Each structure stands twice: as C-alpha cells, then as structure tokens.
Amino acid sequence: MASHEQVVQADPAVIKGLDNYRNLVAAQQPTWPDLSQLEQVRQTLAKYPPLVFAGEVDILKDRIAQAASGKAFLLQGGDCAETFADATADRIRNRVKTLLQMAVVLTYGASMPVIKMGRMAGQFAKPRSSDTETREELTLPAYRGDAVNGYDFTLESRTPDPTRLLQAYNTSASTLNLIRAFTMGGFADLRSVHEWNKGFTDNPANSRYEIMAREIDRAIKFMAACGANFSELRTTEFYTSHEGLLFDYERPMTRIDSRTGTPYDTSAHFIWIGERTRQLDGAHVDFLARVRNPLGVKLGPSTSVDDVLALIEKLDPTREPGRLTFITRMGTGKIREALPKLVEAVRDSGAQPLWITDPMHGNGITTKNGYKSRRFDDVMDEVRGFFEVHRDLGTFPGGVHVELTGDDVAECLGGSEHIDENTLESRYESLCDPRLNHSQSLELAFLVAEELATR
Ligand code: PEP
Ligand code: MN
C-alpha cells in the first residue's frame, strides 16, 4: 500500500542559504512600484537558461589563480553602463576588437598570457550616490541603469520597471552570443591582428599598433614555415563580468550546478562587489560569499587593513586559488599612500588574492562646462603608482580594470589626440562614467605592457 507520508525534499537553495541576504541590509536596490509584477519577473528569469556554464566559470577561476601567482595578467574592460540601445553588432564588435588589440599589446610586450574579460553582457545596473536627481524644479528617481529604469528625465521613464530585468537578460544573451561568435568563429584568429585595427580613425596609438602587428605577423609566418601547428591561435577564451548589484536579477540567475551540487551565479563568469555595497555585514557580501564564481571587490582609498582581511575571511575562507580579486581604485594622488599597507597586510596573512588596478574610479572630475570626465594623465599615473607599489613589496600587479569603448568618443581628457573640454561637447555619449576611447585604450595598453616587461 502506498504510504501517505510525504517525503519533503530539502531545497538545495535553502541549504546553501541563498536567500539569507533578505534578512540583511541591501544597499542600492531600486524601489519597484509593483511587487507582484516583480515576483513574476523573478520567476520567469529563474526559468530562463543560464547565460554561462559552471564549467567555464571553473576554468576562469584556474586562469585567475595563474594570474594571482604571477603567471598571467587580467585585462577587464568595457562600458561603465551598457545600454540596450547600444547593444548593436558594430558597437559590440568595436569593444571586442579594442580588447583583443589591448590583449595583443600586453601579450607581446610582456610575454605573458592575458585573460580577456569584458565588462559586457550584463553591466546594466548602476549604484548611485543619490536616490534622486533634481533638475530645476523637478526631482525624480536617479537613473540606475537600463536594467532598472530609463535615462530620459520624465517620471514615466525614471520609474523602475521590473520587465527591464527580462530585457537585461535578453540583451546580455544576444551580446554574449555575438562575443562567442567573434571569439570562437575565426574573428579572433591571431593571424587577423591587422584586421582588428581597421575601421578606427587614424591616431598615433593605432600606428604603433600596426608596427607591432607586422612583427607578430612575421613571427607567425616564421613559425608556420617551421611547421608549427596553430590551432591555439584560431580561437580565444573571452569571459564576461559585471557588478553583482541587483538581487532581483542575480538571485534568479543563481542555479545549483548538477555536477557539484553547488550554486553558481550564471549571469556572468565573474562578478564584482562595488565600493558602495561591500559592507561586511551587508546583503551583497553574504549572497556572493555563497556562489562559486570568482569574485572581485572594489577597494577605494578609505579601505582599512581590517576591512580587507575581513573580506578575505568572508568571501574566501578556504583561500581557494583564483577565488578572490581585489580591484583597487584609489585615485592618482592616493594610491602610493593607501595601497601599500593593504597589500602588505594581505601578503603577510598568507592569502593570495589577485590584485588589479581600476585607474578610472578614483580620478573623476567635473569639467567647467559640466561634463563628468577623467584626465588621461591621471589614469596613466595611477597605473604607474600601482606597479610601483607592487614592485616595492615584491607582489604581483596582476591586471587592469578599465572603462572603455571602441567607439570614437571624447569623454576622457588628454591622450595623444589631446582631447580638451570643448571636444567633449561634440563626442560625449556615456550615460554614466567617462570611458577611454579606442586610441586612449591602446595607449594605456602600451604603458601597461612596458611596466609589466620592466617589472
Ligand atoms: C563602476 O565600476 O562603474 C563603479 C561604480 O565602481 P566603484 O564601485 O569602484 O565606484
Ligand atoms: Mn563607472
């Protein structure tokens, strides 16, 4: 006879405490007007296929472990905020090309494997310093990224809309599909190094790149003539990343992997926690501590040694190689003072996270004509400071994190094209922070390659 007793299957998500964040303070979340609609969206998202596969995430963790031990370098870049409107083939291709070119400069210049990672296919949510924005008499919710609300300054557009989370998923999926096509389908073949430079306006960094590309071509032809097999040159690994900010997106995208029974946030390979959401007892640290992805944490100039050691304890209690990356964003005037004590304390604790520099977020300025900008010289100087600090301490400066675009914008001041405040008026497109354009990105890559080669 069949038993009437019910066998209650324990829900693995409950065992893993994935909803524990709900009991904690979650900074920077939108105020959704319609919670039942939000719940429907969350259920829909939870049924959509994962965007990345746990096996890929594990490979990335191995790659980052290599970088943390000084044998590889991480290049992470892309928009401050991706937008739905700009998820076009041309713009995605330009960003991928720019990252591939930077990676070639770094690989060739420093003779070191480079891990390529986009701030792409998911970077649709932004933390803001204020919940609201006021223009003249009108106060409206701040723009929190296309996953939450629209940029237009009207009540309708600024009201958070949960269906945008679905559009964020779909736009991430199509962006990732194109990235995979480009990087696996022949476009990233190292024998096309010249091709990647085409279509960009002429500039000194471009020309310098051309010279290097010719040398690479000669080296490849030489190796081919020697009978070398080039299957490794045909495709390249390319990983995605974004700030893990919105629980209403990241939680439904987190799945229990059937091979290992452990949770992975399948919205991207790598997730980072921002400077504004890394509170030790906050919801973001608790939630992301429970997923298996490699994690980043942004560290600003006021970070204390205690904060860093406690973050390691929470996010990487077993000191798993490749698990944790610290992304320092100190500002050019502060890095040489603020960074050494952190790196030293971590080194002495025996932990081995990857250290990378974000030379963008500590160097924001507002120009006289009202643009959020950054001086290219400050960006370059923070990179130099980062290398100096690690050189002095005998630790490895393992990567760069930059906001960039392949498009011909003028958002950061200076560089070899000498972009000035007036030029910003004609070619400023970012809805959020200013990005390096194609030429500035290449220039930065040449500097980093030199620093790495002479380390
Ligand atoms: C960002 O990366 O766009 C950002 C908001 O950074 P941070 O958390 O370092 O301020
Ligand atoms: Mn930014």
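Numerical summary
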| read-out | value |
| --- | --- |
| Rounded to 10°, Cα long-axis angle of helix 335-349 versus longest principal axis of the chain | 60 degrees |
| Three-way shape label, region 345-455, alpha-carbon gyration tensor, a/c 1.5 | prolate |
| Any cysteine of the chain lacking a neighbouring Cys Cβ under 4.7 Å - listed by number | 226, 412 |
| Anisotropy class of region 12-453 from Cα gyration tensor, a/c 1.5 cut | rounded |
| Local electrostatic count, residue 45, Cβ distance below 14 Å [Lys/Arg +1, Asp/Glu -1] | +1 |
| Of the trypsin sites (Lys or Arg not before Pro) in region 176-261, those whose Cβ has at most 14 other Cβ within 10 Å and which sit in DSSP loop | 198, 259 |
| Around residue 138: net Lys/Arg minus Asp/Glu count, Cβ-Cβ under 14 Å | -3 |
| Added length on full extension, which subtracts the Cα-Cα distance from 0.36 nm per residue, residue 130 to residue 320 | 64.8 nm |
| Prolate/oblate/rounded label for region 124-250 (Cα gyration tensor, a/c 1.5) | prolate |
| Only Lys, Arg (+1) and Asp, Glu (-1) charged, at Cβ; region 12-453 dipole about Cα centre in debye | 1200 debye |
| Probe 1.4 Å, protein heavy atoms only - accessible area per residue of region 387-455 in square angstrom | 32 Å² |
| Exposed-site-free run, longest, the chain (rule: GluC sites (Glu not before Pro); DSSP loop; at most 11 other C-beta within 10 Å) | 138-455 |
| Positive dipole terminus of region 12-453, leading residue within 83, 24, 376 (C-beta point charges) | 24 |
| Surface accessible to a 1.4 Å probe, per residue, for the residues of region 74-221, Å² | 42 Å² |
| Residue 90 - accessible surface, heavy atoms, 1.4 Å probe, Å² rounded to 10 | 90 Å² |
| Net +/- balance of residues flanking residue 252 in space, Cβ distance below 12 Å, scoring K and R +1, D and E -1 | -1 |
| Rounded percent of accessible protein surface that carbon and sulfur make up, the chain, 1.4 Å probe | 51 percent |
| Of the trypsin sites (Lys or Arg not before Pro) in region 5-86, those whose Cβ has at most 13 other Cβ within 10 Å and which sit in DSSP loop | 71 |
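The values are calculated or read from the model by the stated rules, or taken from the named source; none is laboratory data. Being a predicted model, the structure only gives us computed values, none of them experimental. Note that we place each Cβ from the backbone using ideal geometry, even for glycine, and neighbour counts take in every protein chain shown. Just the protein is used for accessible areas: all its heavy atoms, side chains included, with ligands, DNA and RNA removed. Shrake-Rupley method; radii C 1.70, N 1.55, O 1.52, S 1.80 Å.
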